[in-house]
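To start, the structure itself, in structure tokens.
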């Protein structure tokens, strides 16, 4: 049932688990307490607090997430979340992947949970592009290190798909780093292993979808062309991933 509520665009799967465990969700007129109860969406009636849940229109949003804002729906420390930036009559939407509190830039939100999973899944190898300000004067040797791979204290190895120097100063440098996998705090951990401090980290693109000039803290709906372009990139990246197996 939890998966069904998520597919209907009503809430996240984790929130659905909470509702079901609280005996607030019914299936065909009976309260069910097992989140794994199978549901046939084409036949079954699913309710929350006695109200039938019908499929929501699919919504795809692009936000320019500011630094200092977190991507969870609620926070026990009462910190500002991305939901405080949304306005208007929107159905529930969830973030596609994560940007940590200190990071900023392009964040997708949707109530299409299956689509969101495809965008963020590491196995799709969909390119994600970041502009990263580091507290050092970077050179070609650094670029070579992060593209060849860096061993981390945890024992893993992190690498960038591509990297280049955008511009530099006397004490810091802006890099462009492209990832084709999305491990937790990937760029920060990779650079920390090289004892390099990250001053700013901005995601500027996911596949062909660019952040552009959207003001910080604002959001907009994806156009149909943008959605189709991103879908085509996911399909292409997925196909290449299978070819490499």
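The values are calculated or read from the model by the stated rules, or taken from the named source; none is laboratory data. For clarity, every value in this text was computed on a predicted model and none was experimentally measured. We place every Cβ from the backbone using ideal geometry, glycine too, and count neighbours over all the protein chains shown.
Data overview
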read-out: Among the candidates 211, 199, 175, residue that is modelled with pLDDT of 95 or more, in contact with a strand residue (DSSP E or B) (Cβ under 7 Å, 6 or more places away or on another chain) and within 26 Å of residue 59 (Cα to Cα); value: 211
read-out: Candidates 118, 98, filtered to the one that is more than 18 Å from residue 218 (Cβ to Cβ), modelled with pLDDT under 90 and not in a loop (DSSP other than H, G, I, E, B); value: 118
read-out: Residue in segment 123-148 that is farthest from residue 172 (Cα to Cα), counting only those that are crowded, with 16+ Cβ neighbours inside 10 Å and touching a helix residue (DSSP H, G or I) at 6+ places or on another chain (Cβ under 7 Å); value: 124
read-out: Residue check, residue 187 under 21 Å from residue 126 (Cβ atoms), in contact with a strand residue (DSSP E or B) (Cβ under 7 Å, 6 or more places away or on another chain), modelled with pLDDT of 90 or more and assigned by TED's automatic domain parsing to the domain that holds residue 200; value: yes
read-out: Members of segment 73-93 that are in a loop (DSSP other than H, G, I, E, B), under 23 Å from residue 185 (Cβ atoms) and at pLDDT 80 or above; value: 79, 80
read-out: Those strands (runs of 3 or more DSSP E) lying entirely in segment 133-245 with at least 2 residues over 18 Å from the mean Cα position of the chain (by Cα); value: 162-168, 173-179, 198-206
read-out: Residue 44 part of a loop (DSSP other than H, G, I, E, B), over 15 Å from the mean Cα position of the chain (by Cα) and outside the structural domain of residue 102 (by TED's automatic domain parsing); value: yes
read-out: Members of segment 6-29 found to be under 20 Å from the mean Cα position of the chain (by Cα) and part of a helix (DSSP H, G or I), listed by number; value: 6, 7, 13, 14, 15, 16
